[in-house]
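Down below is the structure, laid out as structure tokens.
Every number in this text was worked out from the coordinates using simple rules, so none of it is lab data. All figures in this text were calculated on a predicted structure; none of them were measured in a lab. Cβ: placed from backbone, ideal geometry, glycine included. Neighbour counts: every protein chain shown.
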Amino acid sequence: MIHELLLALSGYPGSIFSWNKRSGLQVSQDLPFLHPSETSVLNRLCKLGTDYIRFTEFIEQYTGHVQQQECHPSQQGQAGLHGIYLRAFCTGLDSMLQPYRQALLDLEQEFLADPHLSISHVNYSLDQFQLLFPSVMVVVEQIKSQKIHGCQLLETVHKHSCGGLPPVRSALEKILAVCHGVMYKQLSAWMLHGLLLDKYEEFFIKQGPSSGNVGTQPEEEEDEDLGIRGLTGKQLRELQDLRLIEEENMLATSLKQFSLRAEMLPSYIPVRVAEKILFVGESVQMFENQNVNHTRAGSILKNQEDTFAAELHTLKQQPLFNLVDFENLIDRIRSTVAEHLWKLVVEEAGLLGQLKIIKDFYLLGRGELFQAFIDSAQHLLKTPPTAVTEHDVNVAFQKSAHKVLLDDDNLLPLLHLTVEYHGKDLKDAAQSRDNSLRESSPREAPTSGWSALGLSYKVQWPLHILFTPAVLEKYNIVFKYLLSVRRVQAELQHCWAVQMQRKHLTSNKSDAIKWRLRNHMAFLVDNLQYYLQGVQRSSLSYSTPRSSSPQVETAQATERYGRSQYFPQVDVLESQFSQLLQEINSIRDFESIRLAHDHFLSNLLAQSFILLKPVFHCLNEILELCHNFCSLVSQNPGPLDERGISQLKLLVTGFSRQSSLLFKILSSVRNHQINSDLAQLLLRLDYNKYYTQAGGTLGSFAI
């Protein structure tokens, strides 16, 4: 019976020790020669045999399953448990069972040498496994029931290895060390060669953008009539709520090639370390893919691949995972890559010069160029675009560049103005611009070329890792917004020129109201432009006309506005750009540069109110009203007829309501000290308290 017991404990049941799939290994009930106490001891031993058999079945099932799956990878989705981490777990589990098998062999030798040994001796010899097997079985059952996969296995085994039983902790740590071997191999391939060897999607880095987006709630329907037809209480509450636009909804879907798979990251590896691993692998892969044509740059790891591989192998051989040693090695690899990229991007590729180009064109730093372009392209873009509009606009842009002596033959071919029109193939641009167009225009669809205008820039290697398509799309949104402000400002200045040509003629009441409205519009738009781009008049920057003697006062004030001189200021663009350059010059780390640039772009979007839906919508409505006013003036330079007066009334009412709404929003924010940027804009608009004294309304006149 002893030999049959040892066979049963080895996984081979017989007549005395039978196997039942539900209850496991059991002693037969019809054995008269067994005392009840012996039966109790044997059943206790049978629990070990049951666990052992289930361990071996698990190992055979899933180790074989992985091998079959390698031949039929298409069955992965319906197969359940799979992957190389599971196979490594089975290998570690099998090695954990080796002492148990050796103990059974030793018992067999002892019983052959001394036939008089009892069952209690077997129980005593195997007692060390009575705590180990049930604890490990809990881990196995959890893996099977929850279908734990990939690096999630590391988290599960690590969590159970933190218990207080030394045999259990030691066994699970050995299994964990085997599983870590797979992780270190993937890390070596990813960090040293840029290869993502992850056939079964088990690693904590994946190809494609991150999928951890927070579910967005459906937006409430908004009444687009915000000033011409009146303002409801619901709309005002929504605007004063100051809800931010979700950047993921407004901008293009991130085109990032790789990202973290958060659900696969073990808790004992911090996210900061995983992000460093992601950065190194992305950089190495980018470099390896492009290095065929750029061999002069050398190895991104400075030919230390073998050294780092040896250090990773040393960590792999350690019985316990040491986060300090692990992170130190990751930091050394990351520092090597980051410093090399910094030298490549800043010194060899001329990052500072590229940022200057971005500022000059996307952020309208070359104001004289875009002023010339607005003048030359006005007739091209005031109507809905056609198939030839884009070509004509680029010709006008090239002529404007030459007119302002911008003759850089290497720069101009990299810049291209884009114009979307009905029927154009938008496979690349539509996904990233549809949402932004809806936000940047008060109309549902662009009705003029200005609404469809954009700017593209061909980024040279290796700066494409900093100026990604998603980043350039954000710049493009800022570009269209700043250009719309600059264009409206130019139109209002043209209206001032028309007024100056007719100031010697007799004017009526409607003319006075028309020019006072222009004055108030110019005041608001000029201060907005001053705030955004730091360009404004040197005097009267905070002044606004008083309400007495409309004809005389209007002519004097508008003449002063028209003769305004311009000088640089540091509210948004200049301030943020100078901070970015300062950070770039103070560090020799590419990742820090990328973070600084992302911070610069985020601040730019926030401080320009593009991300603040209520303010952005209100400002766009004001710009649209100003544009309609300029169209009315250009079509009717003389006294207005009845139809013109009716249109002027609508414009006065609309501008009055929108300026009042803007004042309410800015005042609400100032009172609650929520947003210093809004408070700064309000300070410029209401510096001499004229805005406040007028009841928070500009352009409110009786007609």
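The simple spin-label model puts a point 7 Å past each Cα toward its Cβ; for Gln29 and Lys649 those points are separated by 10.1 nm. Descending by average beta-carbon neighbour count within 10 Å, the peptides 196-202, 477-483, 95-101 line up as 477-483, 196-202, 95-101, the highest first. Cross-link check: pairs Lys206/Lys474; Lys199/Lys458; Lys199/Lys474; Lys276/Lys613 evaluated at a Cα-Cα cut-off of 29 Å; pairs beyond the cut-off: Lys199/Lys458; Lys199/Lys474; Lys276/Lys613.
Extension gain, Gln98 to Leu112, is 2.9 nm, computed as 0.36 nm per intervening residue step minus the present C-alpha separation.
In terms of packing, defined here as the mean over residues of other Cβ atoms within 10 angstrom, the peptides 41-47, 624-630 line up highest first as 624-630, 41-47. Under 5 Å between amide hydrogens, built in the peptide plane, is the criterion, and for Leu25 it picks out Asn20, Thr50 among residues at least 5 positions away or on other chains. Peptide packing for 261-271, 651-661 was compared via the average number of neighbouring C-beta atoms within 10 Å per residue; ordered from the highest value, the list is 651-661, 261-271.
If R0 is taken as 30 Å, the Cβ-Cβ distance between Ser120 and Glu60 corresponds to a FRET efficiency of 0.40. A straight chain from Gln257 to Asp598 at 0.36 nm per residue would run longer than the Cα-Cα distance by 121.0 nm. Between Leu323 and Ile16, the modelled label-to-label distance comes to 5.2 nm, taking each label 7 Å out from Cα in the direction of the beta carbon.
If you plug the beta carbon distance of Gln304 and Leu165 into 1/(1 + (r/R0)^6) with R0 = 35 Å, you get a FRET efficiency near 0.25.
The value given for the stretch 605-652 is a Kirkwood hydrodynamic radius of 12.2 Å, derived from the mean inverse Cα-Cα separation. Distance between the modelled labels on Ser267 and Gln635, one decimal in nanometres: 6.8 nm (7 Å Cα→Cβ projection). In this calculation the C-beta distance from His402 to Asn628 is compared with R0 = 35 Å, giving a FRET efficiency of 0.60.
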